[in-house]
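The values are calculated or read from the model by the stated rules, or taken from the named source; none is laboratory data. Every value quoted in this text rests on a predicted model; they were computed, and no experiment measured them. Don't worry about glycine lacking a Cβ; one is built from the backbone with ideal geometry, like all the others, and counts go over all protein chains shown. Quick note on the areas: whole protein, heavy atoms, side chains included, nothing else; ligands and nucleic acids left out. Shrake-Rupley method; radii C 1.70, N 1.55, O 1.52, S 1.80 Å.
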2 protein chains.
Amino acid sequence: MLNYIPNGSKSVPVNLELLTERLKVLAEPKRLLIFNLLMEGVQCNCELGDSLQMPPNLISHHLSKLRAVGLVDVERDAVDSRWVYYSVNRAALDELNAAFGAFFDPNRIQPRRPNCGPQSLICP
Amino acid sequence: MLNYIPNGSKSVPVNLELLTERLKVLAEPKRLLIFNLLMEGVQCNCELGDSLQMPPNLISHHLSKLRAVGLVDVERDAVDSRWVYYSVNRAALDELNAAFGAFFDPNRIQPRRPNCGPQSLICP
DNA sequence: AATATAGTTCAACATACGTTGAATTATATT
DNA sequence: AATATAATTCAACGTATGTTGAACTATATT
């Protein structure tokens, strides 16, 4: 019902859709650099643009993708609302680490159980 | 020399190029499903195609991308070399987990140190 | 020798996506 | 009121990439 993979889906330990979605957003060189700066606490658009030598509209674009998957939060400055501050969403980061760790856990690796090939008698 | 990011690069704890490269390969729904089956020990092309209901040439294509970044190994059957068996490269998986864990470590999150905005006196 | 099988490679297509420059919004300053 | 500033949105472009069907390679079987 969740998906129609005959064999594989039964033991998938995580929400694969969410994991793929977030990995896709992170798997981009400049976005990963932006995220890295956010991990260090740097936050406003202009700072990111200066540090990474990227135009502000590109920063905006990449940040909107990071926001779309919940990895980054936004807050406007209380004194001068022209400034917006970006930060890593801690809960999403924890979720990401948990999902990634569960999926890529080396202990999940199983030895080959041949259902096919000349050393098997099941498959044609 | 390594790269020309003025501020951000100094404390990046991992090889960002390799991490991005591998995440890019994994951040694709069907490839993640293939990799999931390989974690479970299923290995030959035909099995993957049957389980995921995908044509063998597509399986080949995705597996070649997983191989290209070292995450998957290939071995031909000793008895009948028409069959090829795919497996997760344990060393690469460990590397991936180490890099991911180091980069997305929640302890890396720092509070904002304003270099910009109205609450700062440095930046215009 | 001829046929079948497992898998790969190739060419072509459609779509997704990062990048760019200009226009736009919203707030603050003069 | 007019100008400046921080950021976003929009339209357009070029490239990258997943998908498909057919051709091809290599090995095994009859």
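In this view, the solvent-accessible surface of A:Met54, computed with a 1.4 Å probe and all protein chains in place, comes to about 20 Å². Measuring spread by the Cα atoms of segment B:13-103 yields a radius of gyration and Dmax of 13.6, 45 Å. Using a probe of 1.4 Å, the accessible surface attributed to B:Lys24 totals some 110 Å² when neighbouring protein chains are kept in position.
Largest first, what is the accessible-area ranking of B:Arg31, B:Arg76 with a 1.4 Å probe? Present the calculation step by step, with values, prior to reporting the outcome.
Values: B:Arg31 20, B:Arg76 145 Å².
Sorted by accessible area, descending: B:Arg76, B:Arg31.
May I ask for the net charge around A:His61, where only other residues with Cβ less than 12 Å from the Cβ of A:His61 are counted and Lys, Arg are +1 while Asp, Glu are -1?
Numbers: positive: A:Lys30, A:Arg31, A:Lys65, A:Arg67; negative: A:Glu28.
The answer is +3.
Ordered from longest to shortest, the equivalent ellipsoid semi-axes for the protein assembly as shown are 42, 17, 14 Å, each the square root of 5 times a Cα gyration tensor eigenvalue.
In summary, the aspartates and glutamates within cross-link reach of B:Lys30, defined as a Cα separation below 15 angstrom excluding same-chain residues under 8 places away, comprise A:Glu17, A:Glu21, B:Glu47, B:Asp50.
Treating each Cα of segment B:49-89 as an identical point scatterer and summing with the Debye formula, the log10 of I(q)/I(0) at q = 0.17, 0.21 Å⁻¹ comes to -0.49, -0.73. Here the sum of -39500 (n - 2.57) over DSSP H runs of 4 or more residues, divided by the residues of chain B, equals -14000 deg cm²/dmol at 222 nm, to the nearest 500. Its Cα centre serving as origin, segment A:12-106 has a Cβ charge dipole (Lys and Arg +1, Asp and Glu -1) of approximately 260 debye. Each Cα pair under 8 Å and six or more residues apart adds its separation to the average, and for chain B the resulting relative contact order is 24 percent. Dipole orientation for segment B:13-103: of the candidates B:Ala27, B:Ile59, B:Val72, B:Ala27 has the Cα lying most toward the positive pole (charges on Cβ; Lys, Arg +1; Asp, Glu -1). Which residues among segment A:43-87 fall inside the zone where the amide N is under 14 Å from a point 7 Å beyond the Cα of B:Ser11, along Cα→Cβ? Residues passing the 14 Å test: A:43.
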